[in-house]
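Data first, discussion second: the structure below is written as structure tokens.
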Protein chains: 2
Amino acid sequence: MRRYRLLIIGFGNVGQAFFRLLNLKRDLLGVDVSVSEIIDRRRGYIINPGPSVLEDARGGKLLGRKIGIDEIPRLIEESSADIVCEFTDLNIRDRGEPAFTYLSTAIKSGKHVITTNKGPVAFHYDELMELSRRFNKIVRFKGTVMAGTPSFNVVDLLPGIKVSRFMGILNGTTNFILTRMYEGMSFNDALRLAQERGYAEADPSLDIDGWDAALKSIIISRVFGWRHSLENMEVRGIRDINIETFKDKVVKLIAYADKDTAYVKPIPLERSDILAHVNENLNALRISTDTLGDVMIIGPGAGPIETAQAVLTDLMYIVNNGVVF
Amino acid sequence: MRRYRLLIIGFGNVGQAFFRLLNLKRDLLGVDVSVSEIIDRRRGYIINPGPSVLEDARGGKLLGRKIGIDEIPRLIEESSADIVCEFTDLNIRDRGEPAFTYLSTAIKSGKHVITTNKGPVAFHYDELMELSRRFNKIVRFKGTVMAGTPSFNVVDLLPGIKVSRFMGILNGTTNFILTRMYEGMSFNDALRLAQERGYAEADPSLDIDGWDAALKSIIISRVFGWRHSLENMEVRGIRDINIETFKDKVVKLIAYADKDTAYVKPIPLERSDILAHVNENLNALRISTDTLGDVMIIGPGAGPIETAQAVLTDLMYIVNNGVVF
């Protein structure tokens with residue numbers, strides 16, 4: 001049995017959930033995978049972490065050698081891991097950096113990469129694909145869209161299919177807020193509730209102004225072969241929404257793209273549209289295809305364990321040498 | 001590039017749609033696949049069919065050597081094809097025969113098999129899996145449940161996941177009839193309309209008495225590792241349904257199974273349940289999992305092209321030597 005050694009960058013909620021899930025599911029996967037290194041800004045550089053690292057990591061205190069952020073590329077380069085799992089937080093202002101530097105360094109030094117970070121994928125898609133080709137390494141990023149719920153990768157089950165457009169609810173926080181508003185709650189109260197439940201960030205702008213859904217739309221579009229970017233998209237959120245305006249319809253923050261157009265904005269949906277009934281913090285993606293017409297998938301779009309499942313999906317894709325279908 | 005030769009058994013709507021789709025998508029698949037033989041009770045035994053076979057096949061007249069049904073196993077045995085694609089019609093009274101004989105003969109003579117016929121899979125699952133192991137040949141049957149729409153095979157995208165139960169709408173004809181009944185149409189008028197549109201069979205009992213959904217439930221259950229059969233299931237259809245009984249709810253013909261229980265019967269759903277809004281002849285499957293909670297897929301559940309897409313999915317699985325994830 002071939003052995004795979006993983007280098008994890010970023011040991012917050014997702015990194016810890018993945019470490020736990022990998023240990024839990026190892027026997028089901030039929031491969032020998034182990035985490036050989038963890039790099040985390042607060043927790044340091046941890047070599048050959050044992051199971052106790054999960055308990056130790058909770059407080060965020062230093063667990064290994066203290067590292068400066070500038071050292072990280074060199075640590076990646078010198079690592080003997082086979083696969084780099086990049087779980088750092090989205091940085092939209094710096095257009096996916098430093099995550100893109102981590103990923104490109106990993107590929108250039110002969111490692112496959114998995115990321116759950118939308119930034120490097122949405123802002124550097126062409127460069128990542130070019131590096132992937134040039135160094136013959138696999139780049140996977142399922143966790144960037146709808147966590148582990150099958151989304152753009154559903155086409156891996158549909159060989160030969162052509163997708164002409166998609167429409168979806170790609171942000172759970174705004175969907176949760178809209179669901180509460182239809183029950184009579186004000187936008188501000190609903191946002192506060194979402195924050196209390198841990199759905200929304202302390203700075204909720206990424207969610208409620210549509211940027212999170214826009215980055216996901218870009219990633220799905222790129223997988224389907226369409227070239228959209230934040231610059232050519234209309235992006236509107238739900239900050240100033242008045243749901244009373246749309247009588248008999250249900251407003252959802254809709255992400256849409258086809259070859260020519262891409263947008264994220266509130267759209268009033270007919271009640272006969274299944275998307276109108278996707279509530280709470282659920283996500284949904286409807287793709288329009290040549291052989292199956294419309295196919296829709298509904299499931300969770302966030303959460304540590306849910307995102308860790310996406311990393312397992314990417315990991316097994318790499319283990320199988322990129323053969324899905 | 002490795003060459004694959006296919007033997008098609010049954011050249012009706014699905015067989016013809018698959019032949020057309022294979023020609024259309026061949027270049028996208030990146031493999032050299034050709035149909036070397038077609039066996040059809042009315043159209044005869046056709047060797048190396050060209051594209052014109054589609055036009056010729058329409059009327060159902062004899063296109064090759066006339067064959068008796070008893071000859072078919074021998075023709076399968078002597079064929080040099082790599083993969084047998086079995087597209088004959090469901091025969092519930094004979095518990096999946098003669099299709100099971102065709103499939104077992106194919107496996108025993110060294111061929112992988114694909115079937116879109118629920119009968120042999122639902123009634124002979126253990127035997128097919130045992131033959132698959134013994135002769136090291138792959139058995140695939142995606143088209144038996146929800147045509148090409150990802151259904152039980154969505155777990156191919158979710159390595160390590162555990163499914164605890166499923167709930168779905170697995171029969172499009174009854175869903176179409178119920179949708180019309182909620183618009184005020186009588187059961188009989190709705191059934192007649194379904195027949196006119198080609199959704200229901202001339203003998204609609206398989207659909208409206210729940211047998212079609214029950215066989216699909218058995219197949220999904222077996223894939224998930226649960227041992228259900230028609231004998232231990234409660235199966236009720238919609239023939240005598242009175243939708244007025246369930247105020248404020250929406251009745252759907254629901255297929256459910258977990259490890260211990262399996263049934264098909266009309267269930268009144270809350271309007272907050274997304275399944276209550278899956279209308280027309282759409283199908284839906286909701287699986288409950290350990291890492292993702294509930295995931296639902298909605299799409300077409302029947303149709304020649306839709307089923308042909310499922311056969312492409314199975315074909316590419318076999319071409320990749322059974323590696324999906």
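Just so you know, all these numbers are worked out from the coordinates, no wet-lab data involved. Remember, it's a predicted structure, so these values are computed and weren't measured experimentally. Cβ coordinates were reconstructed from backbone atoms using ideal geometry, including for glycine residues, and neighbour counts include every protein chain displayed.
Miscellaneous remarks
- Candidates per trypsin sites (Lys or Arg not before Pro) in the stretch B:6-108, loop by DSSP, up to 15 other Cβ within 10 Å: B:R42, B:R58, B:K61, B:K66, B:R93, B:R95
- Cut-off under 5 Å, modelled amide H: who pairs with A:V35 long-range: A:L6
- Relative contact order computed over chain B (Cα-Cα under 8 Å; 6+ residues apart), in percent: 19
- Fewest neighbouring Cβ atoms within 10 Å first, the residues B:D89, B:D82 line up as B:D89, B:D82.
- DSSP beta bridges in the protein assembly as shown [antiparallel fraction, %, rounded to 5]: 65
- Computed packing ranks the peptides A:209-218, A:238-247 as A:209-218, A:238-247, most packed first, by mean other Cβ atoms within 10 Å.
- Antiparallel %, DSSP beta bridges [both residues in chain A], to 5: 60
- Kirkwood Rh, angstrom, the stretch A:1-147 [1 / mean 1/r, Cα pairs]: 15.4
- Per residue of peptide B:303-313, the mean number of Cβ atoms on other chains within 10 Å of the residue Cβ is 4.
- Peptide A:285-292, shielding by other chains (average Cβ, 10 Å cutoff): 5
- Charge dipole of chain B (Cα centre as origin; +1 on each Lys and Arg Cβ, -1 on each Asp and Glu Cβ, all else neutral): 640 debye, rounded to the nearest 20.
- Look at the stretch A:159-167: the mean tally of other chain Cβ atoms within 10 Å of its residues' Cβ atoms is 4.
- Convex hull projection area averaged over all views, chain B, Cα basis, nm²: 16.8
- The stretch A:273-281 - phi-based ³J(HN,Hα) in whole Hz, Karplus 6.51/-1.76/1.60, Gly and Pro as x: 7, 4, 4, 5, 10, 8, 10, 6, 9
- Those lysines that a straight Cα-Cα span of less than 21 Å connects to B:K111, excepting residues fewer than 8 apart in one chain: B:K137, B:K142
- Neighbour-limited loop hits for GluC sites (Glu not before Pro), the stretch A:99-187 (at most 14 other Cβ within 10 Å; DSSP other than H, G, I, E, B): A:E183
- Taken over the stretch A:2-49, the alpha-carbon convex hull comes to 62 cubic angstrom per residue.
- Placing unit charges on each Cβ (+1 for Lys and Arg, -1 for Asp and Glu) gives the stretch B:1-119 a dipole about its Cα centre, and among B:S36, B:N13, B:S79 the Cα reaching farthest toward its positive end belongs to B:N13.
- The HN-Hα couplings worked out from phi for the stretch A:232-249 by the Karplus form 6.51 cos²θ - 1.76 cosθ + 1.60 (θ = phi - 60°) are 9, 9, 7, 10, 10, x, 10, 4, 10, 6, 10, 5, 5, 4, 9, 5, 6, 10 Hz, whole numbers, x standing for Gly and Pro.
- For the stretch A:26-141, share of DSSP beta bridges that run antiparallel, in % to the nearest 5: 45
- Lysine pairs within the stretch B:152-300, Cα separation less than 24 Å, 8 or more sequence positions apart or different chains: 8
- Estimated D of the stretch B:152-300 in µm² per second, where Rh is the Kirkwood radius over Cα pairs and Stokes-Einstein applies at 10 °C, 1.306 mPa s: 101
- As a proxy for reagent exposure, A:K249, A:K137 were ordered by neighbouring Cβ count within 10 angstrom, fewest first; the result is A:K249, A:K137.
- Order of A:S229, A:S221 under a 10 Å beta carbon neighbour criterion, fewest first: A:S229, A:S221
- Extension gain, A:R3 to A:D126: 0.36 nm times the residue separation minus the Cα-Cα distance gives 41.3 nm.
- Modelled FRET efficiency - R0 51 Å, B:E55 with B:D240, Cβ distances, 0.05 increments: 0.70
- For A:V251, the residues whose amide H sits under 5 Å from its own are A:L269, ignoring neighbours fewer than 5 places away on the same chain, with H placed 1.01 Å from N.
- Dividing the convex hull volume of the alpha carbon atoms of the protein assembly as shown by its residue count gives 162 Å³ per residue.
- Vicinal HN-Hα couplings computed from phi for the stretch B:155-167 (Karplus, 6.51 cos²θ - 1.76 cosθ + 1.60; Hz; Gly/Pro x): 5, 4, 8, 10, x, x, 6, 10, 9, 9, 6, 9, 8
- Computed over neighbours whose Cβ is under 14 Å from that of A:A310, the net charge equals +1, Lys and Arg +1, Asp and Glu -1.
- Under 5 Å from the amide H of A:T289 lie the amide H atoms of A:S164, A:D294, A:V295, each residue being 5 or more positions distant or on a separate chain, with H modelled from the backbone and absent for Pro and chain starts.
- Lys, Arg +1 and Asp, Glu -1 on Cβ, resulting dipole of the protein assembly as shown about Cα centre, debye, nearest 20: 1200
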